[in-house]
Amino acid sequence: MIYQEVKNFSNGAFVSASSSTIHKVISPIDGQLLSTFNESTIDDLNTIIKQAKIAQKAWQKVTLKERAQVFYRYKQLLEKNSDELTQIIHHENGKIPSEAKAEIDKAIELTEFACSLPQFVNGENMEVSKGVYCSSTRVPLGIVASIVPFNFPTMVPHWTIVNALVLGNAFVLKPSEAVPISSQFTARLLKEAGLPDGLFNIINGTQPTVEAICDHPDITAITFVGSTKVAKIVYQRASHNLKQVLALGGAKNHIIVLPDANPEMAASNIIASMSGCAGQRCMAAATLIAVGNCEAILEKLTAEAQKIQCGSTLGAVISKGAKEKIEGYITEAEAQGASILLDGRNTVVPGKENGFYVGPTLIDHVTADMKVAQEEIFGPVLSIIRVQTLEEALTIENNNPYGNACSVFTQNGGLANYVAENASAGMCGINVGVPVPREPFGFGGWNESRFGSGDITGKSAITFFTKEKKTTTKWNIEAGINWMS
Ligand code: NAD
């Protein structure tokens with residue numbers, strides 16, 4: 001085992017979970033055993049929550065500005081320790097080190113935003129009638145929890161950890177069972193930054209642990225990020241228990257290419273989007289819709305994809321099961337008559353024969369009714385659909401049940417705006433392959449990519465992680481003055 005046993009983090013200390021079910025953490029790079037951990041029990045969660053309740057009551061009394069100070073220190077620690085964390089993410093997720101470093105950079109940016117929350121969280125105060133004042137303030141919710149996926153072991157947890165804590169809550173993280181090691185690092189750094197014990201907690205596990213979180217009476221709000229299937233389960237179960245829930249699901253992102261797009265720029269951006277993090281990004285390009293004659297761009301696209309080196313410029317997919325599933329989609333599309341322009345099946349990286357690699361794959365002449373065009377593949381696979389008009393392209397995009405991202409590549413500003421206005425996606429791009437909004441803009445899709453309202457980052461965090469209190473005050477002693485005067 002390369003890393004120590006993964007433990008829960010409870011009241012500022014690492015403790016083993018108590019179920020006898022043991023999970024293995026396998027590196028996608030070479031199939032090596034990295035670590036193990038025990039599934040948690042309801043008693044483990046109860047212990048965490050008991051201490052979190054006490055810690056949160058005290059934390060709520062610390063001013064917002066002072067709470068933010070902890071995160072200025074935390075940001076510096078993230079920067080200082082980013083090399084070690086890069087290696088952990090690389091080992092447990094399989095993405096290449098530069099991609100691991102990029103997600104730490106994003107976690108740093110998210111922490112900077114959290115530090116700026118005192119500038120945004122302004123209450124209001126108004127004389128609503130003569131001598132009568134109404135004021136509003138934002139109050140923390142209490143204990144909140146986040147359930148996260150495997151594809152960004154550090155960035156996605158930071159979507160919520162830092163904002164929720166600065167806003168005065170206690171926090172429980174349920175990491176993905178595939179990549180639980182980097183969150184151990186987060187716990188260490190938050191403690192070192194001076195975050196009081198009991199405020200940041202980790203509970204490791206799988207479905208039973210998620211169910212215990214959804215059912216726990218003292219957890220007020222839950223965020224979930226993962227597949228649409230599980231997002232629906234978590235949203236329904238936690239809402240049924242009267243919790244506030246925001247659940248982000250899967251995606252199938254479309255890139256609409258018009259013949260006037262700059263071929264070099266379009267090709268390099270689209271290939272970076274479909275292959276980055278081995279296609280395991282909820283913002284990855286999955287389907288390219290070529291409108292009219294885009295031959296020059298498609299040729300450049302293939303040339304760009306051929307430059308990719310598996311194992312050095314393209315990382316591994318998360319598991320053997322994921323590799324088999326992705327390859328199955330390619331095989332099915334081929335059987336249905338699509339042409340495989342570039343085939344990433346059966347990729348073996350010398351020296352890493354036990355790793356889970358799929359090479360970049362381009363599938364041409366896909367039709368909108370094929371499975372590869374409809375379902376989330378979550379691998380470095382781009383399906384190409386050819387259409388004659390922009391309206392046809394938008395109909396295909398609009399008919400997809402998901403709604404995370406849609407981008408258009410063109411030099412024509414009017415058509416670009418038309419696509420951005422008419423795409424059924426929460427995050428649109430114009431000549432941008434991965435249109436992730438940067439802080440302070442919030443991250444959130446539409447349709448089956450999100451259940452609940454608001455974004456998971458940015459200013460939406462204020463409404464999600466706090467509740468508003470209104471106070472009406474009258475110091476005027478005139479007998480006839482009341483709140484309607
Ligand atoms: P997943 O849905 O399998 O798992 C996500 C979390 O849910 C994990 O912590 C897991 O332990 C838990 N879980 C799994 N099955 C469960 C069940 N039956 N009941 C309760 N909990 C369960 O997702 P994943 O494979 O880890 O991540 C990939 C998915 O996440 C993709 O679909 C991707 O698009 C999506 N994703 C979406 C966004 C977004 O912002 N919309 C961001 C990142 C990833």
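Brief remarks follow.
- Distant-in-sequence amide H partners of ILE256 (H built 1.01 Å from N, under 5 Å): ILE289, SER407, VAL408, PHE409
- Full-extension gain in nm, ILE2 to ASP43, via 0.36 nm per residue minus C-alpha separation: 11.9 nm
- Kirkwood hydrodynamic radius (C-alpha pairs) into Stokes-Einstein, the chain, 20 °C and 1.002 mPa s, D in µm²/s: 90
- Per-residue ellipticity at 222 nm, computed for the chain from helices alone with -39500 (n - 2.57) per DSSP H run of at least four residues, works out to -12000 deg cm²/dmol.
- Two-site FRET efficiency, LYS474 against GLN374, from Cβ-Cβ distance with R₀ of 60 Å, rounded to 0.05: 0.50
- The alpha-carbon positions of segment 25-178 define a convex hull whose volume is 130 Å³ per residue.
- Principal-axis analysis of the Cα atoms of the chain puts helix 97-115 at an angle of about 30° to the longest axis.
- About its Cα centre, segment 253-430 has a charge dipole of approximately 600 debye under the convention of +1 per Lys or Arg Cβ and -1 per Asp or Glu Cβ, with nothing else charged.
- Taking the convex hull of Cα positions in segment 251-300, its mean projected area over all directions (nm²): 3.1
- Vicinal HN-Hα couplings computed from phi for segment 198-205 (Karplus, 6.51 cos²θ - 1.76 cosθ + 1.60; Hz; Gly/Pro x): x, 8, 10, 9, 10, 10, 8, x
- Gyration tensor (Cα) of segment 343-485, equivalent ellipsoid semi-axes in angstrom: 47, 22, 14
- FRET efficiency for ASN399 and GLU421, using Cβ-Cβ distance with R0 set to 22 Å, rounded to 0.05: 0.80
- Rounded to 10°, Cα long-axis angle of helix 64-80 versus longest principal axis of the chain: 30
- Projected over every direction and averaged, the convex hull enclosing the alpha-carbon atoms of segment 253-430 yields 9.1 nm².
- Local net charge near ILE143, Cβ-Cβ under 11 Å (Lys/Arg +1, Asp/Glu -1): +3
- Full extension of the chain between GLN411 and ALA335 gives 23.7 nm of extra length, using 0.36 nm per residue less the Cα-Cα distance.
- Rounded to 10°, Cα long-axis angle of helix 263-275 versus longest principal axis of the chain: 60
- Using the alpha carbons alone, the radius of gyration of segment 146-205 stands to its Kirkwood radius in an Rg to Rh ratio of 0.93.
- Calculated FRET value between LEU77 and TYR133, using beta carbons and R₀ = 45 Å, to 0.05: 0.60
- Extension gain (nm, one decimal) between LEU33 and VAL62, 0.36 nm per residue minus Cα-Cα: 6.2 nm
- Relative contact order of the chain, pairs being alpha-carbon contacts under 8 Å that are 6 or more residues apart, as %: 18
Here, each number is a calculation from the coordinates, and none is a lab measurement. As the structure is a prediction and not an experimental result, all values here were calculated from the model. Please note: Cβ atoms are built from the backbone with ideal geometry, for glycine as well, and neighbour counts cover all protein chains shown.
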